[in-house]
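Visitor: Input: one structure, supplied below.
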Amino acid sequence: QVPTLVVPNDVIVDGRRLVGFLSEFRATRLMVTPSLLRNLLDQPGLDAARFLGKRLRYVLLEGEVVPASLVADFGVAFKDSTTRLVNYYSTWESLDVACETLFDPSDPAATAATLAPLRARGARFAPVGSPLPGVAILVRDRATGALRPRGFPGDVFVVAASIARGY
């Protein structure tokens, strides 16, 4: 059984207090938006990886598109940690759709396989990952509506039982 911590509003907006809160309560997982993680990484004098990297097992990103530059910067900051960075893509807070491990210090080959195509193509955004069981994702061309092949941009359509039932 793992308890869930609810971070107070006045703590979530202050990087130093957030790191202290997570350290005090010995957090092993952190679910944040990419912009909040960016704030933690960019805050002058705050070495979040030094304080959190030994205990924090996962940083789960939700709620926003993940910039490829954030993944690269996380990899530099947390290179000596055991912390995995995961894009936990969802269409809204209650429907998780896909998952992709973007950085895993215990598996450098898998991390390299994820990051190499991003660097080679000069990608601006990280992949959302493979659909979770029971979820289908279609990408359509914005102008024509034609289905797009994997890896090409377009409008995302999600098919899942929870959407069909209206949950």
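None of the figures in this text is laboratory data; all of them are computed from the coordinates on show. Keep in mind that this is a model prediction, so the values were computed, not measured. Because the Cβ atoms are built from the backbone with ideal geometry, glycine has one as well, and the counts that use them run over all protein chains shown.
Visitor: Once phi is turned into ³J(HN,Hα) by the Karplus curve 6.51 cos²θ - 1.76 cosθ + 1.60 with θ = phi - 60°, what whole-Hz value does each residue of region 136-146 show in order, with x for glycine and proline?
Guide: Once θ is set to phi - 60°, the couplings for region 136-146 become 10, 10, 10, 10, 10, 5, 4, 7, 9, x, 5 Hz.
Visitor: Something else now. Run the numbers on region 22-167 and let me know its relative contact order in percent, using alpha-carbon pairs under 8 Å that are six or more apart. Let's see the in-between values first.
Guide: Details: 236 pairs, mean separation 25.1, N = 146.
After rounding, I find 17 percent.
Visitor: Rg over Rh of region 1-91, using C-alpha atoms and the Kirkwood radius, what does it come to? List each step's numbers first, then the result.
Guide: Details: Rg = 12.3 Å, Rh = 13.3 Å.
Rg divided by Rh gives 0.92.
Visitor: Could I get the Rg over Rh figure for region 106-167? Both from C-alpha atoms, Rh via Kirkwood, rounded to two places. Can you show the working numbers first?
Guide: On the way: Rg = 14.7 Å, Rh = 13.9 Å.
Ratio value, two decimals: 1.06.
Visitor: Within region 21-62, report the trypsin sites (Lys or Arg not before Pro) that DSSP leaves as loop and that have at most 16 other Cβ atoms within 10 Å.
Guide: Sites meeting the loop and neighbour criteria: 26, 54, 55, 57.
Visitor: Report the full-extension gain for the segment residue 150 to residue 107: residue separation times 0.36 nm, less the Cα-Cα distance, to one decimal in nm. Write down the numbers at each step before the final one.
Guide: Numbers: separation 43, 0.36 × 43 = 15.48 nm, distance 2.44 nm.
Computed gain between residue 150 and residue 107 is 13.0 nm.
Visitor: Same structure again: Using bins 5 angstrom wide from zero, how does P(r) for region 36-139 break down, in % of all Cα pairs?
Guide: Histogram of Cα-Cα distances, whole percents per bin: 2, 12, 22, 23, 20, 13, 5, 1, 0.
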